[in-house]
Amino acid sequence: MRLILAFAVVLLAASLTGQVEHAPTVAECQADQRLWLADLEGQREHLPGFAVLGEWNHEMDNCQKVDTDNRWKYYNTSGEVDAEKLVRLINFLNRHDLYQKFKEEDAAGKR
């Protein structure tokens with residue numbers, strides 16, 4: 001019984017850690033790109049969290065490889081995601097009075 005339980009635990013652990021990420025289909029890429037770009041160009045308060053935006057970027061990178069005819073659309077959407085993330089980081093720095101300190105350190109060569 002212990003041997004069967006040990007085997008089951010090892011098998012479960014292997015299946016959880018050995019997940020293979022599959023490339024999105026062209027149809028998924030095109031649909032997500034259109035939806036996400038529309039969201040990014042719409043009201044910012046309805047956008048998902050920072051981590052989800054990172055996942056959008058990751059998918060748009062994968063889509064450039066899957067749907068090369070529309071590579072520029074995925075590149076553009078990824079750029080819009082990056083811009084949104086940058087705005088959020090700058091807003092965070094401003095809210096916590098860290099933006100000026102960042103600029104001072106950057107000017108002093110601390111990079």
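Every number here is computed from the coordinates shown, using simple stated rules; none is lab data. Keep in mind that this is a model prediction, so the values were computed, not measured. Using ideal geometry, Cβ is built from the backbone for each residue, glycine included, and neighbour counts are taken over all protein chains shown.
In table form, for the structure just shown:
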| read-out | value |
| --- | --- |
| Computed lengthening from E41 to A27, 0.36 nm per intervening residue step minus Cα-Cα distance | 2.9 nm |
| Dipole of the stretch 23-107 [Lys/Arg +1, Asp/Glu -1 at C-beta], most positive-end residue of G79, I90, A107 | A107 |
